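Structure, as structure tokens:
Each value in this text was obtained by applying a stated rule to the coordinates, not by laboratory testing. Here the structure is a predicted model, which is why all the values come from computation and not from measurement. Note that each Cβ is placed from the backbone with ideal geometry, even for glycine, and that neighbours are counted across all protein chains shown.
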């Protein structure tokens with residue numbers, strides 16, 4: 001809003017004051033939102049790092065269980081048991097609102113299965129197949145949980161950057177510009193009032209002189 005576009009009138013001054021008050025209120029709210037998002041980001045980042053370490057451990061454990069099952073049942077037996085599963089694991093997508101940011105909410109679907117749902121039958125396999133299946137189901141759940149957290153971190157980082165740009169624009173450009181315009185109008189109005197007071201005083205003296213000359 002250039003200074004030349006604002007007329008030094010009472011109405012112009014009121015408009016600028018309202019806009020400045022609004023800009024300061026928005027700046028305050030966005031700053032609070034930014035602080036809250038930063039705290040949430042720290043929490044999610046720490047949790048994501050912890051989940052990532054657990055994920056790596058579960059991955060190593062699942063590979064070890066499959067290796068044991070392959071030794072006991074043979075690679076073909078493990079493959080047949082895997083191919084007998086009819087309900088494939090998946091996840092349902094949703095969102096949760098945190099400080100106005102929509103973070104991903106992932107829910108595992110048919111990841112954990114009962115012995116009946118696995119399809120390979122209890123009699124035809126040994127317990128090592130079940131142990132390997134349990135390990136990989138835990139691994140899949142860990143992958144989904146980690147993806148949810150890391151997706152939340154990415155969404156938060158994007159929104160933090162956008163909010164920081166808005167806060168900086170308000171703090172460094174819009175509010176100082178409105179403050180400058182308000183001071184300009186106030187100075188102009190003060191000058192106009194001084195000129196008006198001087199003019200009225202001159203008129204009063206002229207009238208007084210005319211009365212004295214009669």
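Things worth noting here:
- Stretched out straight at 0.36 nm per residue, the stretch from residue 87 to residue 47 would grow longer than its current Cα-Cα span by 11.4 nm.
- Contact order normalised by residue count of the range 3-202, Cα under 8 Å, 6+ apart, percent: 36
- Pair residue 109, residue 197: separation of 7 Å Cα→Cβ label points (nm): 7.7
- Spacing of the two label points (7 Å from each Cα toward its C-beta) at residue 25 and residue 131, in nm: 6.6
- The label-point distance for residue 116 and residue 173, in a model that sets each label 7 Å from Cα toward Cβ, rounds to 6.5 nm.
- Residues residue 35 and residue 64, FRET efficiency given R0 of 45 Å [Cβ-Cβ distance, rounded to 0.05]: 0.50
- Size of the range 3-202 as Cα extents on the principal axes (Å, biggest first): 115, 26, 20
- Ratio of Rg to Rh for the range 58-104: 1.31 [Cα atoms; Kirkwood radius as inverse mean 1/r over pairs].
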